[in-house]
Ligand SMILES: *Cc1c(COP(=O)(O)O)cnc(C)c1O
């Protein structure tokens, strides 16, 4: 919570939940990444928060952009990024979208299988490709599972196929899982990456780049290591596995770039119990899983919640959203402790909500409008 956000909310007159994002915090985060990993290019993961003001600021600061669709590529271009600062980082692309990206000047693409390589060879000839490898996501609060990437043993064949089809086999990528609290998580993936570099070299293909992905955390309830600790751990792992022949590197922070820059202001709609004798209360807010807090799925991300009664005694609460869907319950297995004095109509502040909220918000479920966003 920054003084600027507090001031903005004090003067706010409109109704309904909103997310307020402070660009000064995004600037500080960008500079912290640049300092912690000085030889690494930053590709901001646009999906975390594609607000034009955020993209424009990052473009001005020199950031590159990791885009997952033609629409995101167009947003990055509109914000002032040139095409050579954009990667099409989704491993699952329609061939006509690859062609469209190529026509817009994009020359850097992610792949994780030979079928995708063939699309790129046809629709974006001569481009650079990097092959994504699987990562188990251990230590991450929002793991990215098995959907993206291939086993390291397969990556060499995928890259060789690209090379044969006239593409530039550029390197290897991975994502250690989002909200990764273990700074050592990059070590195993970098061991695999260096093995792929060696095997490709044996086949006469010289790779140049390792894409270290995202995973850098935002502080929610538990403390997390600072960016510099990640920078140090990554540099050590790079040196250990690549010796003095360090590859070019890029990172793709999303959450770590914008998460702590945003705060959601919401309102208590109802406080109730299911039986008079119940210990646990139900607190319903005017925002829930469908209004932007989708990452509370499986109670994965636990946001800090502030109220005007924080000094008072706290009681366990089930926290739920306003829609008529029983899945719209955020915290129940592990109840959330909120002040006993919290009442209908009170405002609450949900912190660390600058990433993955506005983009996850439904368009009009039950007629509720999408999460309003203010960038200041
Ligand atoms: C979502 C995504 C990111 C951003 O991940 P964070 O954990 O938010 O930093 C980076 N790279 C790729 C390919 C992604 O899909």
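What FRET efficiency, computed as 1/(1 + (r/R0)^6) with R0 = 45 Å and r the Cβ-Cβ distance, is obtained for residue 236 and residue 94, rounded to the nearest 0.05?
That gives a FRET efficiency of 0.70.
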Once both label points are put 7 Å beyond Cα along the C-beta direction, the residue 2-residue 71 separation in nm becomes 2.8 nm
So, relative contact order of the chain in percent, Cα under 8 Å, 6 or more apart, is 19 percent
Length gained if residue 191 through residue 376 is fully extended, taking 0.36 nm per residue and subtracting the Cα-Cα distance, is 62.4 nm
Rounded to the nearest Å, the spacing of the alpha-carbon centers of segment 278-334 and segment 28-68 is 31 Å
Taking the square root of 5λ for each eigenvalue of the C-alpha gyration tensor of segment 260-375, the equivalent ellipsoid has semi-axes, largest first and in whole angstrom, of 22, 16, 13
Placing each pseudo-label 7 Å from Cα in the direction of the beta carbon, residue 219 and residue 202 end up separated by a distance in nanometres of 4.7 nm
Projected onto their principal axes, the Cα atoms of segment 62-101 stretch, largest extent first, over whole-Å spans of 29, 15, 14
Working note, the chain: Cα radius of gyration (Å, one decimal) and Dmax (Å, whole number) are 22.1, 74
Calculated from DSSP helices alone, with each H run of at least 4 adding -39500 (n - 2.57) and the total divided by the residues of the chain, [θ]222 nm to the nearest 500 comes to -9000 deg cm²/dmol
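At a Förster radius of 30 Å, what calculated FRET efficiency corresponds to the Cβ-Cβ distance of residue 104 and residue 60, to the nearest 0.05?
Details: r = 20 Å, r/R0 = 0.68.
Efficiency computed from Cβ-Cβ geometry: 0.90.
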In degrees rounded to 10, the 0-90 angle between helix 114-123 Cα long axis and the longest Cα principal axis of the chain is 80 degrees
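Students often check this: by mean Cβ neighbours within 10 Å, which of 280-290, 249-259, 165-175 ranks highest, and how do the rest follow?
Numbers: 280-290: 21.5, 249-259: 25.9, 165-175: 23.1.
Peptide ranking by packing, descending: 249-259, 165-175, 280-290.
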Note: residue 11 to residue 157 extended length (0.36 nm per residue) minus current alpha-carbon separation gives 46.7 nm
Here, residue 181 and residue 364, labelled 7 Å along Cα→Cβ, have an inter-label distance in nm of 4.1 nm
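How big is segment 89-253 by the Kirkwood estimate over distinct Cα pairs, in Å?
Computed over Cα pairs of segment 89-253, the Kirkwood hydrodynamic radius comes out at 16.1 Å.
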Percent relative contact order for segment 260-375, counting Cα pairs under 8 Å at least six residues apart, stands at 36 percent
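Taking the alpha carbon gyration tensor of segment 53-174, what are the square roots of 5 times its eigenvalues, largest first, to the nearest whole Å? Don't jump to the answer; show the numbers that get you there.
On the way: eigenvalues 111, 77, 25 Å².
Values for segment 53-174, descending: 24, 20, 11 Å.
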By the mean-Cβ-within-10 Å protection proxy, highest first, 330-340, 65-75 rank as 65-75, 330-340
Segment 165-185 and segment 108-125 have their Cα centres apart by a whole-number Å value of 17 Å
What the 5 Å binned alpha carbon P(r) of segment 25-95 shows, as percent of pairs per bin from 0, is 3, 18, 30, 24, 16, 7, 2, 1
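For residue 28 and residue 309 in one chain, what is 0.36 nm times their gap in residues minus the Cα-Cα distance, to one decimal in nm? Don't skip to the end; give the middle numbers.
Details: separation 281, 0.36 × 281 = 101.16 nm, distance 3.06 nm.
Taking residue 28 through residue 309 to full extension adds about 98.1 nm, to one decimal.
Rule-based calculations on the coordinates, nothing more; no lab input. Keep in mind that this is a model prediction, so the values were computed, not measured. So basically every Cβ, Gly included, is an ideal-geometry build from the backbone, and we count neighbours across all protein chains shown.
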